[in-house]
Amino acid sequence: MIGKLLGDRYEIIEKIGDGGMAIVYKAKCHLLNRYVAVKILRSEYTCDQEFVERFNRESQSAARLSHPNIVNVYDVGQEGNIYYIVMEYIKGSTLKQIIRQRGKLDPEEAVNIALQICSALAHAHKNDVIHRDIKPQNIVVTEEGIVKVADFGIARMLNASTITLNNSNIMGSVHYFSPEQARGIYTDVQTDIYSLGIVLYEMVTGTVPFKGETSVSVALKHINDVIKIPDDMVDDIPKSLRDIIEKATRKDKDIRYKTAQEMCVDLKKFIRDPEGDFVIKPDNSDAPTRIMKPVDSNDTKGRAKKRKKNKNKIMRAIFISSIIIILIAMSIFIVRAIYENYYYVEEVDVPELIGLTEQRAEELLEQKGLNIVIKERAYDKEYEKGTIISQDPEKDAKVKKGTDVKVVVSMGPSTILVPKITSLTERDAIILLKQKGLIPGKIENEHNNSIPENYVFEQNPKEGISVEEGTSIDFKISKGPKDTKTKVPDLIGQSLNEVEDFLASQNLRLGRSIAKNTTAYPEGIIVEQGVEPGTYVEMNTPIDVYVSTGKLPQKNLEIQLPDNMEQEYRVRVLQIKDGNIKEIHNKMHTPDQKKLNLVISGEGIVTIQVYIDDSDECYINEDIDMDR
């Protein structure tokens, strides 16, 4: 991926991170001339719709959020089978790296970090998003000490289903699981609070509370074991901080912090009073008042007989219980023997199928007692038609006999219609060919009196011809006319004060100077010119220029209101740009008002949505090009 240009904008520079689902690269945005982080879904998951949906869900979840402690999402895109998210590039270290380097953190520093995480979670929860994977690996601390919460890959909307069925994969990181995640049941905002409690525990102790040989054993400890700070660390950790960790990591959600904001309040109290007793705990000490009979000194003998009688009953109960336990143990032994003899299914290794023909793959699986299932057929230039491209489960995986092995079968290389590249610039022609899966071939430069310099005027094969993916397309580029006309220079990005003398040096002159509302360039900078750069024109031709005002374009918007309303009603107008929603009007109107006039500002395509009388149904949904 290094050196690849995504979306004709983001140039991949280096790999900076690696996760189970995606790889993160540092990239340069050539449009805004800044560094960004680009998260790309691993290629082995691009054919898996579940992973693609989870990846898209991350971008949708994060795009809803705008908070100083949450990594900003700038853009999302897809190029062929490459799915990517463009995010804020952060210089710093993950919280996990900091803990490993320093062993553990001072309580004050740990609380400061937890407060920032808590603030980010409060914002996410307010916007109906739960993270579900809070862990030190997903927390980045910048060089200035600002905490950023990242990776909303398994986030869920609160109004969506947040129940993970017992036969599904449980999502999350096992050392930071909440008990409800480990059980695979309903998760909500208190799931994030539990995980934050575990992170806070690790910051002040240098270790996670539960460890085990397997993920299952760790998950069971989250369900059953009480979290206790080791005795040798108690003196180093203030009482109120121990109370905060204990309340955040309660197994019972009813006595855990209800919201992230509630936990933030106690963390702020800690900063003022580290040894305070302000954390509210459940009180189970109050028992109801009971009426007891007075003690009768003459009843001693009777009580002694009663105790002996009760003792005999207990001995009989123990004897009967022992017999029952022995019978249960024998039953378990018999059932286990029957299961192993009659119901146990042998496990086998999945063979490698990639590159084999469909028939050969079916034969191999049949020998192993496995079934072949054609998941889909797809074009592929690497594998011949009828051969296996991918398989699930992968080779050497252990599965039970009778398991289905899903495969993708190649349909051979796809055919492509050659696009028209004549009249395009050399750069645009190359980009279009690559987007279509074709390769720029031999490029020649020749003079052409009718075609401007650097524009394509001939191609081979011609447009509309069907060729295989990866075919080379040769074309010729104009060197411009041979006569004495002068070439128009590129003026975009230059100051208006500079171009008049510059045009004169090129045997041209400045034409009209037209103001244009845009923030793409600072005030006084040329953003567009009347004659395209590279065009040959007669000497002394005037060149019109469009100069940036440094302001956002504005437009007058006239909205026709409904004429069938009989009483006062509410009108809400939303302006949507790149996933950001802004309410620009929310007022009551009378039936005699037929029009609503608003002034909107922005750049590019913005969407205007109008809702009448608090209805969920959109009354008007219109895209407006602010640049026209």
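Check whether at least one residue in region 548-562 is among the acidic types (D, E) and modelled with pLDDT under 90, and report yes or no. No, because not a single residue in region 548-562 is among the acidic types (D, E) and modelled with pLDDT under 90. Inside region 515-527, residues that are touching a residue at least 40 places away in the same chain (Cβ under 8 Å) and open to solvent by 40 Å² or more (accessible area, probe 1.4 Å) make up a count of 2.
When residues in region 418-455 are screened for being modelled with pLDDT of 90 or more and within 23 Å of G80 (Cβ to Cβ), 19 of them pass.
Filtering region 1-37 to residues that are aromatic (F, W, Y) and either in contact (Cβ under 8 Å) with a residue 40 or more places away in the chain or in a loop (DSSP other than H, G, I, E, B) (or both) leaves Y10, Y35. Could you look through region 346-363, keep only residues that are among the β-branched types (V, I, T) and within 36 Å of the chain's Cα centre (by Cα), and pick out the one that is most open to solvent (accessible area, probe 1.4 Å)? Going through the qualifying residues, I end up with I354.
Note on region 438-448: residues that are surrounded by fewer than 18 Cβ atoms within 10 Å (Cβ to Cβ) and under 13 Å from S472 (Cα atoms) total 5.
Every condition in (1) modelled with pLDDT under 90; (2) crowded, with 19+ Cβ neighbours inside 10 Å; (3) of a type in the set (S, T, N, Q) holds for S466 except the one numbered (2). In region 401-421, the residues that are within 30 Å of K368 (Cα to Cα) and charged (D, E, K, R) reach residues that are open to solvent by 40 Å² or more (accessible area, probe 1.4 Å) and not in a strand (DSSP E or B) with C-beta atoms within less than 8 angstrom, at least six apart or across chains, in these pairs: K401/V345; K401/E346; K401/K368. Would you confirm whether or not region 474-482 contains a residue that is outside any helix (DSSP H, G or I) and more than 24 Å from D428 (Cβ to Cβ)? Within region 474-482, one or more residues are outside any helix (DSSP H, G or I) and more than 24 Å from D428 (Cβ to Cβ). Remark: R512 falls outside the filter, which requires a residue to be exposed (fewer than 13 other Cβ atoms within 10 Å of the Cβ) and within 28 Å of D8 (Cα to Cα).
Looking only at region 598-628, which residues are among the hydrophobic types (A, V, I, L, M, F, W, C) and in contact (Cβ under 8 Å) with a residue 12 or more places away in the chain?
L598, V599, I600, I605, V606, I608, V610, I612, I620, I624, M626
For region 4-18, name all the residues that are farther than 17 Å from Y74 by Cα and either in contact with a Leu (Cβ under 8 Å, 6 or more places away or on another chain) or open to solvent by 30 Å² or more (accessible area, probe 1.4 Å) (or both). Selection gives K4, I13, E14, K15, I16, D18. Applying the criterion of being touching a strand residue (DSSP E or B) at 6+ places or on another chain (Cβ under 9 Å) and either under 17 Å from V226 (Cβ atoms) or open to solvent by less than 10 Å² (accessible area, probe 1.4 Å) (or both) to the residues of region 179-201, the residue that is modelled with the lowest pLDDT is T187. Once region 455-473 is narrowed to residues that are within 40 Å of the chain's Cα centre (by Cα) and part of a strand (DSSP E or B), the residue that is nearest to G530 (Cα to Cα) is I473.
Can you tell me which residue is nearest to the chain's Cα centre (by Cα) among those in region 479-492 that are surrounded by 13 or more Cβ atoms within 10 Å (Cβ to Cβ) and under 23 Å from E528 (Cα atoms)? Of everything passing the filter in region 479-492, I492 is nearest to the chain's Cα centre (by Cα).
Selection of first residues in region 59-70 that are under 14 Å from L115 (Cα atoms) and of second residues that are among the basic types (K, R) and open to solvent by 40 Å² or more (accessible area, probe 1.4 Å), restricted to Cβ pairs under 8 Å at least 6 apart or on distinct chains, gives an empty result. Does region 208-229 contain at least one residue that is of a type outside the set (D, E, K, R) and in contact with a Cys (Cβ under 6 Å, 6 or more places away or on another chain)? No, region 208-229 contains no residue that is of a type outside the set (D, E, K, R) and in contact with a Cys (Cβ under 6 Å, 6 or more places away or on another chain). The single condition among (1) surrounded by fewer than 20 Cβ atoms within 10 Å (Cβ to Cβ); (2) of a type in the set (D, E); (3) touching a residue at least 24 places away in the same chain (Cβ under 8 Å) that E53 does not meet is (3). Taking the criterion of being open to solvent by 60 Å² or more (accessible area, probe 1.4 Å) and either assigned to a helix (DSSP H, G or I) or farther than 28 Å from K126 by Cβ (or both), the residues of region 81-105 that qualify are N81, K91, Q97, R100, Q101, R102, K104.
Just to be sure, is D266 in a helix (DSSP H, G or I), modelled with pLDDT of 70 or more and surrounded by fewer than 10 Cβ atoms within 10 Å (Cβ to Cβ)?
Considered against the rule, which asks whether it is in a helix (DSSP H, G or I), modelled with pLDDT of 70 or more and surrounded by fewer than 10 Cβ atoms within 10 Å (Cβ to Cβ), D266 comes out as no.
Could you please let me know if A114 is of a type outside the set (V, I, T), touching a residue at least 40 places away in the same chain (Cβ under 8 Å) and crowded, with 23+ Cβ neighbours inside 10 Å? Judged against the criteria, A114 is a match. For region 364-378, a residue qualifies if it is surrounded by 12 or more Cβ atoms within 10 Å (Cβ to Cβ) and part of a helix (DSSP H, G or I), and the qualifying residues are L364, L365, K368.
Among strands (runs of 3 or more DSSP E) entirely within region 528-628, having at least 2 residues that are open to solvent by 60 Å² or more (accessible area, probe 1.4 Å) and hydrophobic (A, V, I, L, M, F, W, C) singles out 580-589. Note on region 384-429: residues that are in a strand (DSSP E or B) and either within 33 Å of the chain's Cα centre (by Cα) or buried (at least 16 other Cβ atoms within 10 Å of the Cβ) (or both) amount to 17.
The values are calculated or read from the model by the stated rules, or taken from the named source; none is laboratory data. This is a predicted model, so every value here is computed, not measured. When we count neighbours, we look across all protein chains shown, and the Cβ atoms used for this are built from the backbone with ideal geometry, even at glycine. With ligands, DNA and RNA removed, areas are computed over all heavy atoms of the protein, side chains included. Shrake-Rupley method; radii C 1.70, N 1.55, O 1.52, S 1.80 Å.
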